[in-house]
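Input: a single structure, listed below in structure tokens.
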Amino acid sequence: MAARLTAYVVVGIVAATLIAGLIVGAQRDDTDGPVDVIVHNAKVYTAGARGTMAEAVAIRGNQILRVGSEREVTRLRRPQTTMIDARGAAVLPGFNDAHLHFITGGLNLERIDLTGAATLDDIRTRIETWATVHADAPWVLGRGWYYQPFPGGLPTRQQLDAIVSDRPAHLLSHDGHTSWVNSRALRLAGITKRTPNPPHGVIVKDPKTGEPTGVLKEAAMTLVTSRLPQSTRADRAGALRAAISEAQRNGITSIQNAGGSAEDFALYAEARREGDLGVRVYSALSAAGVLTEPAIAELQDVAKQYPDDPLFKAGAIKINLDGVIDAHTAAMLEPYADDTASGAPTMDPDAFNRIVRLLDAGGWQVMTHAVGDRAVNMALTAYEHAVRSNPLPERGRRHRIEHVETVDGADLPRFGALGVIASMQPALGSPSPSLIDVWFKNVGPERASRGWPYHSIATGAGRLAFGSDWPGVPLNPLLGLHSEVTRTTPDGLPEGGWYPAERLALKAAIDAYTSGAAWASFDEQRKGHLALGMLADLVVLSDDIFEAPAPRLASTRVAVTIFDGRIVYRRDGT
């Protein structure tokens, strides 16, 4: 018995010694091993649930090695360590744009950019300049016009004819739900006063003459877009490279693509194989119309090729349930304030409930485009129906509603109760300099008071994930932060903010672009906050945004972007 007891003691001592050795070894590896990058003299916000502040970050390989004080981190410096002096500016986890159209954005970099054009003269100048430089282009193409500059809220073919008459022209609105075309494009598409509206689309016609005005809404846009020169695979591959560079310039290290095709997925995979995928990509597959079980099976076959991976993965389905408020195509519970119509969803509730139930049972994450309060209500109800009908999927249930521009007051608590993610694009919620813009007039003051309800959803335990909807608005996340925190335009209008009760505190706003966005793509275990072992994706800003007045957010710039432990962008060009 004593001999057996002695043996146990010896084994215990040996085990304890080995464990102690492993701990010491791990500590020695921490302090004695290579340190590739140190960012110091910084205001480091780690983000996430803890959301602590620090002074420096050390990186080894593609992971965070240490987050702490200036003294404890800089002592890890080695001869090969790249030192980045933040000069007292803010350092954050790399931004994660939770809703954009990435390859489309890359393609649009070569087209007319009408983003921010506030007057008809500005719009004309931008179109004329591009058309002159690209005199050999068969079409004049662009995107980004706002409804506000046009009398009545919509442009006309005559206005575009006066600028471009020698070839067809097609210009998408900033929200991507309305086309502005000239007379040549209408003739090419065979659109006349006798052309009927397609299902879920509107050919806007002059109420007096019946002639098409040059504005096409929703599904009617395809009458012209089907005639556009189609981008080649090489075009789209080039657009992907351009989009990656644009993302890195804006401090974005992860993106969530709001719908794509199998061909686009192949481009992402190719870029990953070749080592050229300089952002982390979570992409949804686009669902066209009412999904059938065979169609879902086809989408599943595509998604299986791209399982969970730190660089590129699938796992979501994007469904469009309505349009946009500016064009009166968002589905509202009550008629628009300036119209008798209330907009219609793209499918009836029973059909949508069935689709969501099938997708939920298959383990998909559902991303529902819902702008109007009726569409938001339908999406929440469908998700609630799926919870009652199906067991919890293996990876959990994190369904999303994209945009969420208006919400009925009774639906606000349902986000938290159902665990639904509000995926919102704050820069879209920045009002025009006058509060009589098209969006405000269309919904009226009572519903406008519930527009972009960041704070209400968050206080009701709902989760927020923020993005840009690029190329509809600029990719710059700092513009979104400005809008969330101040509820004003970059020019500071209106004074005091637009329904300021819905403002977010700065750290909560940052979380929605980092840790909240990581949660929205099932990635919180590896990115979204700065801590030991997390992926080394960081952004160094030009200012200390925690001390500077909130309006300075709009003028703050990205100084350095670090992706996967590598410096991929420096504002100074070095």
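Just one of A559, A531, A509, A501 is surrounded by 19 or more Cβ atoms within 10 Å (Cβ to Cβ) and not in a strand (DSSP E or B); which is it?
Details: A559 fails: not in a strand (DSSP E or B); A531 fails: surrounded by 19 or more Cβ atoms within 10 Å (Cβ to Cβ); A501 fails: surrounded by 19 or more Cβ atoms within 10 Å (Cβ to Cβ).
Step by step, each of A559, A531, A509, A501 is checked, and only A509 is surrounded by 19 or more Cβ atoms within 10 Å (Cβ to Cβ) and not in a strand (DSSP E or B).
Which one is least open to solvent (accessible area, probe 1.4 Å) among residues in the stretch 198-215 that are in contact with a Lys or Arg (Cβ under 9 Å, 6 or more places away or on another chain) and in a loop (DSSP other than H, G, I, E, B)? Working first, answer last.
Initial filter on the stretch 198-215 (in contact with a Lys or Arg (Cβ under 9 Å, 6 or more places away or on another chain)): 201-206, 209-215.
Next, from what is left, pick out any that are in a loop (DSSP other than H, G, I, E, B): 206, 209-211.
Numbers: D206: 57, T209: 73, G210: 21, E211: 67 Å².
Among those residues, the one meeting the criterion is G210.
With the requirement that a residue be in a helix (DSSP H, G or I) and either open to solvent by 20 Å² or more (accessible area, probe 1.4 Å) or in contact with a Phe, Trp or Tyr (Cβ under 8 Å, 6 or more places away or on another chain) (or both), what does the stretch 109-139 give you?
Listed by number, the residues that qualify are L120, D121, D122, I123, R124, T125, R126, E128, T129, W130, T132, V133.
Among the residues of the stretch 61-85, which ones are open to solvent by 20 Å² or more (accessible area, probe 1.4 Å), under 33 Å from the mean Cα position of the chain (by Cα) and free of Cβ contacts under 8 Å to residues at least 60 places away in the same chain?
S69, M83, D85
Just to verify a result, which residue in the stretch 246-262, among those that are farther than 24 Å from L299 by Cβ and not small (G, A, S), is surrounded by the most Cβ atoms within 10 Å (Cβ to Cβ)?
Quick first cut of the stretch 246-262, residues farther than 24 Å from L299 by Cβ only: 246-253.
From the residues that got through so far, the ones that are not small (G, A, S) too are 246, 248-250, 252-253.
Details: E246: 20, Q248: 21, R249: 16, N250: 22, I252: 31, T253: 26.
Residue satisfying both the conditions and the ranking: I252.
Quickly run through the stretch 379-403 and pick out the residues that are crowded, with 22+ Cβ neighbours inside 10 Å and under 22 Å from the mean Cα position of the chain (by Cα).
A379, L380, Y383, H399, R400, I401, E402, H403
Test S468 against the criterion of being outside any helix (DSSP H, G or I), in contact with a helix residue (DSSP H, G or I) (Cβ under 7 Å, 6 or more places away or on another chain) and among the hydroxyl-bearing types (S, T, Y), and give yes or no. Even if it seems obvious, please write down each step before you answer.
Working: outside any helix (DSSP H, G or I): yes; in contact with a helix residue (DSSP H, G or I) (Cβ under 7 Å, 6 or more places away or on another chain): yes; among the hydroxyl-bearing types (S, T, Y): yes.
Yes.
What do you reckon, is A58 touching a helix residue (DSSP H, G or I) at 6+ places or on another chain (Cβ under 7 Å) and at pLDDT 95 or above? Give the steps one after another, and end with the answer.
Details: touching a helix residue (DSSP H, G or I) at 6+ places or on another chain (Cβ under 7 Å): yes; at pLDDT 95 or above: yes.
It is true that A58 is touching a helix residue (DSSP H, G or I) at 6+ places or on another chain (Cβ under 7 Å) and at pLDDT 95 or above.
Are any of the residues in the stretch 178-188 surrounded by fewer than 21 Cβ atoms within 10 Å (Cβ to Cβ) and touching a helix residue (DSSP H, G or I) at 6+ places or on another chain (Cβ under 7 Å)?
First pass over the stretch 178-188, keeping only residues surrounded by fewer than 21 Cβ atoms within 10 Å (Cβ to Cβ): 183-184, 187-188.
Restricting the remaining residues to those that are touching a helix residue (DSSP H, G or I) at 6+ places or on another chain (Cβ under 7 Å) gives 183.
Yes, the conditions are met somewhere in the stretch 178-188.
I'd like the residue in the stretch 143-162 that is at pLDDT 95 or above and in contact with a Phe, Trp or Tyr (Cβ under 7 Å, 6 or more places away or on another chain) and, out of all such residues, is farthest from D437 (Cα to Cα).
It comes out as L160.
Could you say which residue among E274, E246 is over 24 Å from A518 (Cβ atoms) and not small (G, A, S)? Spell out how you get there, then give the answer.
Values: E246 fails: over 24 Å from A518 (Cβ atoms).
Result: E274 is the single residue among E274, E246 that is over 24 Å from A518 (Cβ atoms) and not small (G, A, S).
I'd like the residue in the stretch 313-349 that is open to solvent by 60 Å² or more (accessible area, probe 1.4 Å) and aliphatic (A, V, I, L, M) and, out of all such residues, is farthest from D301 (Cα to Cα).
A337
Can you find even one residue in the stretch 149-156 that is of a type in the set (F, W, Y) and part of a helix (DSSP H, G or I)?
Quick first cut of the stretch 149-156, residues of a type in the set (F, W, Y) only: 150.
Those still in the list that are part of a helix (DSSP H, G or I) too: none.
Looking through the stretch 149-156, none of the residues is of a type in the set (F, W, Y) and part of a helix (DSSP H, G or I).
What's the number of the only condition in (1) assigned to a loop (DSSP other than H, G, I, E, B); (2) open to solvent by 20 Å² or more (accessible area, probe 1.4 Å) that T488 fails to meet?
Failing condition for T488: (2).
For the stretch 216-245, which positions are open to solvent by 20 Å² or more (accessible area, probe 1.4 Å) and assigned to a strand (DSSP E or B)? Let's see the steps before the verdict.
So in the stretch 216-245, the residues open to solvent by 20 Å² or more (accessible area, probe 1.4 Å) come out as 217-219, 221-223, 225-238, 241-242, 245.
Those that are open to solvent by 20 Å² or more (accessible area, probe 1.4 Å) and assigned to a strand (DSSP E or B): K217, E218.
Quick check on this structure: which one of V407, V420 is touching a helix residue (DSSP H, G or I) at 6+ places or on another chain (Cβ under 9 Å), within 20 Å of A448 (Cα to Cα), buried (at least 23 other Cβ atoms within 10 Å of the Cβ) and among the hydrophobic types (A, V, I, L, M, F, W, C)?
Working: V420 fails: within 20 Å of A448 (Cα to Cα).
Answer to the check: V407.
Looking at the stretch 263-312 only, could you name the residues that are within 18 Å of G105 (Cα to Cα), open to solvent by 60 Å² or more (accessible area, probe 1.4 Å) and in a helix (DSSP H, G or I)?
E263
Can you spot a residue in the stretch 327-350 that is assigned to a helix (DSSP H, G or I) and not aromatic (F, W, Y)? Break it down stepwise before answering.
First, pick out the residues of the stretch 327-350 that are assigned to a helix (DSSP H, G or I): 349-350.
With not aromatic (F, W, Y) added as a condition, the list becomes 349-350.
Within the stretch 327-350 (the criterion being assigned to a helix (DSSP H, G or I) and not aromatic (F, W, Y)), the answer is yes, since at least one residue qualifies.
Starting from the stretch 551-573, keep only residues that are more than 21 Å from I255 (Cβ to Cβ), then list their pairs with residues that are open to solvent by 70 Å² or more (accessible area, probe 1.4 Å) whose Cβ atoms are within a distance under 6 Å, requiring at least 6 positions of separation or different chains.
Hits for this filter: A554/P490.
For A54, all conditions in the list (1) surrounded by 16 or more Cβ atoms within 10 Å (Cβ to Cβ); (2) closer than 30 Å to Y268 by Cβ; (3) of a type in the set (G, A, S) hold save one; what is the number of the exception?
Exception for A54: condition (2).
Looking at the stretch 252-262, is at least one residue of a type in the set (S, T, Y), under 27 Å from G565 (Cα atoms), in a strand (DSSP E or B) and modelled with pLDDT of 95 or more?
Kept after step one, since they are of a type in the set (S, T, Y), are these residues of the stretch 252-262: 253-254, 261.
Filter once more, keeping what is under 27 Å from G565 (Cα atoms): 253-254.
Among the residues that remain, those that are also in a strand (DSSP E or B) are: 253-254.
Retained after the next criterion (residues that are modelled with pLDDT of 95 or more): 253-254.
Checked the stretch 252-262: at least one residue is of a type in the set (S, T, Y), under 27 Å from G565 (Cα atoms), in a strand (DSSP E or B) and modelled with pLDDT of 95 or more.
The values are calculated or read from the model by the stated rules, or taken from the named source; none is laboratory data. Owing to the predicted nature of the structure, the values given are computational and were not obtained by experimental measurement. We place every Cβ from the backbone using ideal geometry, glycine too, and count neighbours over all the protein chains shown. We work out accessible area using only protein heavy atoms, side chains counted, and drop any ligands, DNA or RNA first. Shrake-Rupley method; radii C 1.70, N 1.55, O 1.52, S 1.80 Å.
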